[in-house]
Every structure is written in C-alpha cells, then in structure tokens.
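Chemist: Let me begin by handing over the structure; questions about it come next.
The values are calculated or read from the model by the stated rules, or taken from the named source; none is laboratory data. Because the structure is a prediction, the values reported are computed rather than measured. Cβ: placed from backbone, ideal geometry, glycine included. Neighbour counts: every protein chain shown.
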Amino acid sequence: MQSQQIQSIPDEFKTDIYKGQTHYLRGLDKLKRDELINSVDKDLIINFIRECTLSKTVKGKSKKKIGPARCLKYIEILTRVSSWLDKSFDRITGKDIEEFIEALEGDKFLSRFGKPYADETKADIKKSVKKLWKWKDGNGRVYPELARKISIDLWEGNCRQILKDLDDNSVQLTLTDPPYFLEKLDDNWDDNKIKKSKAKAGVVGGLPVGMKFDPRQGVAFQKFFEEISKEIYRVLVPGAFFISFSQPRLFHRMAIAAENVGFEIRDMFAWHYTKKTQFKAFSQNHFVDKMKISAKRKKQIKLELMGRKTAQLRPQFEALMLAQKPKEGTCVDNWLKWKVGLIDSTKILNGAGSPSTVMPVEKTIKELYNVHLSVKPVGLLRHLIELFTVEGQVVLDPFLGSGSTAIAAMLTGRGCIGIEINPEYIKIAKQRLSKAGK
Ligand SMILES: C[S@@+](CC[C@H](N)C(=O)[O-])C[C@H]1O[C@@H](n2cnc3c(N)ncnc32)[C@H](O)[C@@H]1O
C-alpha cells in the first residue's frame, strides 16, 4: 500500500507561531531549498530561528528582539558552518568552531559564489559564529534555549513498506506492541474475523483468540519480526533502545529475531496488571466423555484427573523485550553524540524507589469508541518514554493500534511516528490524540 502521511500534530494543538513571520518564512524557504544541509539540521536551525523571532535576547539586563535581517544571517551562517564541517549543527564541538574560524581566516572557506570573503565579512561571520557557539554551548544564555519541534505523525499503511521511507539514524526510541501472530492476531489482523472467533469462544475448535497452540505461529512471527527489526535497527540512532511488548510464549522468537539483525538483548520487563484476570485452563472431562471406553473407566480417569487442567496459569503479566542498538564507544561517548543509551533514573512508577523491571499498572479502561482489542496503558508507555528518552526526541511505533504510544509521546513532549495498517484504528487514534491534547 502506498504510504500516506495522515497528519502531523493535530491542528487544534498548533499555535500558529509562524503566521505573519515573513522574515522567518523567507529564511525557511531558503533553508528548505538548500541541498547541502540535512533534514535533522534543517529542523534544528528552523527551531532556533523560530525561538529567536519569538523571544527577546537577554544580554546583561537589556532585552532586545532579534530582527529579520539577523535571522536570515544566522540561517545562512548556521547552514554554511554545518555543511562546511559536514556535520550536523547539533554535533558541532568547540574544536570544530575553532577549525572553521581558522579556515575562514585562511580563505579555505569560500562564499557561495566561490570567492574568498572580504575582511569585514569574515570578522562579522566570526563574531556571529562565536555568539552562536556560546548559545549552543549553554554558556551565557545569550539566545533562547534550543527547542525542538515535536510532531506526531500518523501513517496509515503496512509498516513493512513505510519503515523503508524513514531515514537512517533518525529515531531515538522504538516502543511498540506488535501483532503476536497467535491465531488471527497476525499481519492480516482482521477485526471481523476476530470478533466471530470470540463469539464462538469456550468450546474446543472455537477457542478464544490466541489460545490455540500451533508451533508454526512462532516460526511465522520470528520471520515477520526479523524483517521489521532490520528496519528498526537502521532507523534507530546508535545506543538507542527498542522496547516491544510480547506474548510470553513467543518472547524468545521476538528476542532472537531482534538479535539476528544486530540488537543486543538487554533485559526483559514485566507489565504486571494488578487486577485479577480470568483463569483460562481447561478441565479434560469433555475429552474423557468422548473416549470410546466404558462408563466405569471414564469415571476412573476423571477421578485420576480431578483438579488437573491445561497448563494455562492465570496470566498476570506481559513480557517486554529491551533491546539496544550497539553504542558508539562508551556510554558517555554515545550519550554526548546521540543523547541516548542511558536511562533517567529519577523517573519512577507508582512511588517505587527506583525504576524496576516489574511495572505494576492497571489495564486500560477504554473510551467507548475505542474498539481495539489490545489497548496498552498510556501511563506505562509514558513511564517507558520518560525513562529512555529526553524531551524533543522521536518515538517510533510501527504497530500503533489505537494510538496509545502517540498519546504518551505527545503528553511527555516527545515526537512520534506511528504506523497502523487498519484505517479504523487510525481514526480512533486521531480521536484519542485530539482528546488527550485538550
Ligand atoms: C497489538 S496491536 C497494538 C495496540 C496498541 N498498543 C494500542 O494501545 O492501541 C497491533 C496493531 O498492529 C497492527 N498491524 C498489524 N500488522 C501491521 C503492519 N504490517 N503494519 C502496520 N500495522 C500493523 C494491527 O492492526 C493492530 O492494530
């Protein structure tokens, strides 16, 4: 299916900050057309300029608005510095700035017309670059703090195709809840078939969804999950985490699939749902009744099997896989470069002393219009997002369902890319997002 971007952050959440900012728009247009600069940098620069146009600079005690000419100049300079250094502006270091200035003074850095800069232009660029560096370095706070644009993008379609459209190293966390490939809950997830099956539940031959045991389910799931994990690996930045819910009996298949494409399996979490759930084990009496044996023998067997049931203990948790894309260097090196790979240990759940692998959260009470069968608690997703990312980063959910991950991302100030194959669920997700944002 052709991938289609449904919407960015819902319109009603947008404050129209760009309206009337003609200087900003002119700069933006120029920046968009610049092929030398990558999209991550473009976003960053856009945000910086937006902040500048919105707020006043604070220097000592005086406050002054940054004018249009200066905005355009900064766009130009930021663009040149990062394309000349061939590095994202976000990753430029003090040493890079020194090198840039040296090259500028030695006429190694030419204007866009291929000519050396005049001395006064060089001095001006040097002054501006130093100021920008001071801002970026957090030193002096001359300019507004870096603010990243967050956007909630919902895509309708098959993630097998859509994931291929995402850039390498562009996502800081994948948090998802895939189809478990148990009966009917697979890649061809069809609500009607599932509901029909549910209606027949209770007798053998019409077991409730997901209860029929078939070893081929695991094989099919692993193959499917490996294909998806390969793309997830590519789009995550080094050191980033991949967290996925799983059905306990197929957890191993999930972990092997992720490991096969290069992830390191770091841990297993338990989402512990505290409310008592249904005990689904079966007595074998109806099988005994069907056996072609005497009534006396049947009675004996039933007596022997008294209290014996199929090995389905009352489910009280779901297992989550914690996998990590290998880091670049040490945790500190990786953090300084990519801002991922370490958790925020101050984020705790339900008053626990420190973040734990067992996460007790009650099952979701759904909105009436949410007909999705497998809605995960937003509170749990928020906790995971806050533990593993910082504000402004991007969370990917290739199996968005009714949108719980996107809501959690939005409420915690993170961006989200959510993909869902079923248009009905996309509609529900949009409705939930719009409600949560009010
Ligand atoms: C377990 S549910 C996710 C539920 C979600 N966590 C929530 O809270 O609503 C898995 C979802 O994956 C979707 N799905 C299955 N195969 C898909 C595919 N190939 N691409 C995108 N979505 C898919 C299903 O339609 C289903 O909504």
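Chemist: Output the number of residues of region 394-418 satisfying the condition of being farther than 19 Å from Val237 by Cα and among the aliphatic types (A, V, I, L, M).
Modeler: 6
Yes/no per residue for (1) of a type in the set (Lys, Arg); (2) farther than 25 Å from Leu336 by Cβ:
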site: Pro377; (1), (2): no, yes
site: Val390; (1), (2): no, no
site: Gln393; (1), (2): no, no
site: Gly403; (1), (2): no, yes
site: Ala408; (1), (2): no, yes
site: Glu420; (1), (2): no, yes
site: Ile428; (1), (2): no, yes
site: Arg432; (1), (2): yes, yes
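Chemist: Let me ask something else. Exactly one condition in (1) exposed (fewer than 13 other Cβ atoms within 10 Å of the Cβ); (2) over 25 Å from Val235 (Cβ atoms); (3) in the same structural domain as Pro377 (by TED's automatic domain parsing) is false for Glu304; which is it?
Modeler: Evaluating Glu304 over (1) exposed (fewer than 13 other Cβ atoms within 10 Å of the Cβ); (2) over 25 Å from Val235 (Cβ atoms); (3) in the same structural domain as Pro377 (by TED's automatic domain parsing) leaves (3) as the failure.
Chemist: Consider Ala257 carefully, then state whether it is assigned to a loop (DSSP other than H, G, I, E, B) and either touching a Ser or Thr at 6+ places or on another chain (Cβ under 6 Å) or not hydroxyl-bearing (Ser, Thr, Tyr) (or both).
Modeler: It is false that Ala257 is assigned to a loop (DSSP other than H, G, I, E, B) and either touching a Ser or Thr at 6+ places or on another chain (Cβ under 6 Å) or not hydroxyl-bearing (Ser, Thr, Tyr) (or both).
Chemist: Given (1) touching a helix residue (DSSP H, G or I) at 6+ places or on another chain (Cβ under 8 Å); (2) over 14 Å from Ile265 (Cβ atoms); (3) among the basic types (Lys, Arg), where does Arg253 come up short, assuming only one miss?
Modeler: Result: Arg253 passes all but (2).
Chemist: Now for a different question. Looking at (1) within 14 Å of the ligand (Cβ to nearest atom); (2) touching a residue at least 60 places away in the same chain (Cβ under 8 Å); (3) not in a loop (DSSP other than H, G, I, E, B), which is the only condition Gly401 fails?
Modeler: (3)
Chemist: Next question, about the same structure. For region 413-436, state whether one or more residues are touching a strand residue (DSSP E or B) at 6+ places or on another chain (Cβ under 7 Å), more than 14 Å from Leu154 (Cβ to Cβ) and surrounded by 24 or more Cβ atoms within 10 Å (Cβ to Cβ).
Modeler: Checking region 413-436: at least one residue is touching a strand residue (DSSP E or B) at 6+ places or on another chain (Cβ under 7 Å), more than 14 Å from Leu154 (Cβ to Cβ) and surrounded by 24 or more Cβ atoms within 10 Å (Cβ to Cβ).
Chemist: Follow-up. Which number in (1) of a type outside the set (S, T, N, Q); (2) more than 10 Å from the ligand (Cβ to nearest atom); (3) in contact with a Cys (Cβ under 9 Å, 6 or more places away or on another chain) marks the one condition that Gly379 misses?
Modeler: Looking at each condition in turn, Gly379 falls short on (3).
Chemist: Oh, and also: Can you confirm whether region 351-362 contains a residue that is surrounded by fewer than 17 Cβ atoms within 10 Å (Cβ to Cβ), assigned by TED's automatic domain parsing to the domain that holds Leu163, within 12 Å of the ligand (Cβ to nearest atom) and assigned to a loop (DSSP other than H, G, I, E, B)?
Modeler: No, region 351-362 contains no residue that is surrounded by fewer than 17 Cβ atoms within 10 Å (Cβ to Cβ), assigned by TED's automatic domain parsing to the domain that holds Leu163, within 12 Å of the ligand (Cβ to nearest atom) and assigned to a loop (DSSP other than H, G, I, E, B).
Chemist: In this structure, does Glu367 turn out to be closer than 28 Å to Val235 by Cα, of a type in the set (D, E, K, R) and not in a strand (DSSP E or B)?
Modeler: No: the conditions fail for Glu367.
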